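Below is one structure, written out as structure tokens; comments come after it.
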Amino acid sequence: MSRRSTIAALALTLFASGSVALGARCLSPDVARCSWASLTGNAPKLDVPYLGTRPEAVEAMLDMAGAGPGDRVLDLGTGDGRILIAAARRGASGVGIDIDPVLIGEARAAAARAGVADRTRFVTGDLFETPLAGHTVVTMFLLPRVNLQLRPRLLRELAPGTRIVSHAFDMGDWSPDGKQRAGGSRLYLWRVPAMVAGDWEFDDGTHLSLQQHFQRIGGTVTRAGTVAPLTDGRMSGAIIRFTALGRSYQGVVSDDRIAGAGWQARLLSRQTRRGSELAAAER
């Protein structure tokens, strides 16, 4: 019997026994992966069934993120570890998280075969409880509802400029900074924006009021009693760009300061970090 026939027969058996969810757990396009715990129902409940990412999609995801030496990659729902292993081959290091210990065992073995075990760490754990801070790239192939559940934490815990790449599914009304197709899959890229919503003051006394919805920003600039709308406002990580009063501004946000060429501003008051952007993320 061919591999495909074997998988089809196993799927039929699982369905007939009322174990459709188990079938999703155990099957991938390439091979059936089932531990005895999976078959007997003693394994942990999965938020996302395992489905391997095609090699061309893996490479495209890492290209989009610009992953390379110096990057610290977090692969959520790592499965057999193929994305993190490919990142390690590029000189990055990182952690892969999966709730299935069988797949974590496969990932560790694959990393050892690839000669990158020293740059990778695979952990059996719950992705909703995994610390996110300290990573420069996050990769994931999850489900829409899981992406949305993770979104507030991604925005809150990751440093501005952290790159997030998702295979197949977006993040709702958080528009991607880039998208493409590879290996028959749609891929999405986001850069975590700095939080700038609030009131700022330029060194010359000009007042800047900013509203923010993810990487999009708007607001007003007030100078000498003249109020002008802010246009073309956008965040790219910690970099802010906007046009006001006939001038284009670009600067770098660092906590309570924005510094640009020939201008800088200091924060007067900030919207709560659970303000417009994060509140929108949690709706």
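The values are calculated or read from the model by the stated rules, or taken from the named source; none is laboratory data. Everything numeric in this text was worked out from a predicted model, so none of it was measured. Using ideal geometry, Cβ is built from the backbone for each residue, glycine included, and neighbour counts are taken over all protein chains shown. In case anyone asks, the SASA skips ligands and DNA or RNA and just uses the protein heavy atoms, side chains included. Shrake-Rupley method; radii C 1.70, N 1.55, O 1.52, S 1.80 Å.
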Heavy atoms only, probe 1.4 Å: what % of the accessible area of the range 113-162 goes to carbon and sulfur, would you let me know?
56 percent
Be a star and scan the range 58-94 for residues whose amide nitrogen sits under 15 Å from the point 7 Å along the Cα-to-Cβ vector of GLU157.
73-78
With label points set 7 Å from each Cα along the Cα-to-Cβ direction at ALA228 and ALA261, the distance between them in nm comes to 1.9 nm
Give the long-range amide H neighbours of ILE217: residues separated by 5 or more places, or on another chain, with amide H under 5 Å away, using H modelled in the peptide plane at 1.01 Å from N.
GLY233, ARG234, MET235
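Could you give the accessible area per residue of the range 61-145, probe 1.4 Å, as a whole number in Å²? Before the final figure, lay out the partial values.
Values: 3210 Å² over 85 residues.
Value returned for the range 61-145: 38 Å² of accessible area per residue.
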Using Cα pairs under 8 angstrom and six or more residues apart, how large is the relative contact order of the range 74-226, in percent?
15 percent
FRET efficiency for ARG241 and ARG145 from the Cβ-Cβ distance with R0 = 35 Å, rounded to 0.05, comes out at 0.60
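Assuming a ≥ b ≥ c are the square roots of the Cα gyration tensor eigenvalues, decide whether the range 215-254 counts as rounded (a/c under 1.5), prolate (otherwise, with a/b larger than b/c) or oblate. Walk me through the numbers before you get to the answer.
Numbers: a/c = 2.30, a/b = 1.99, b/c = 1.16.
It comes out prolate by the Cα gyration axes.
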Of the listed peptides 56-62, 258-264, 173-179, what is their order by residue-averaged count of other C-beta atoms within 10 Å, with the highest listed first?
56-62, 173-179, 258-264
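Under the classification rounded if a/c is under 1.5, otherwise prolate if a/b is larger than b/c and oblate if not, where does the range 83-231 fall, given a ≥ b ≥ c as square roots of the Cα gyration tensor eigenvalues? All intermediate terms of the calculation are to be shown ahead of the outcome.
Numbers: a/c = 2.82, a/b = 2.45, b/c = 1.15.
Prolate is the answer for the range 83-231, as a/c is 1.5 or above and a/b outweighs b/c.
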Rule-of-thumb check for the range 132-211: C-alpha Rg over 2.2 N^0.38 Å?
1.34
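Does the range 153-283 classify as rounded, prolate or oblate by the C-alpha gyration tensor (a ≥ b ≥ c root eigenvalues; a/c under 1.5 gives rounded; else a/b over b/c gives prolate, otherwise oblate)?
Working: a/c = 2.29, a/b = 1.95, b/c = 1.18.
It comes out prolate by the Cα gyration axes.
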Give a residue-ordered list of calculated ³J(HN,Hα) values for the range 68-76 (Karplus: 6.51 cos²θ - 1.76 cosθ + 1.60, θ = phi - 60°; whole Hz; x for Gly, Pro).
x, x, x, 7, 10, 9, 10, 9, 8
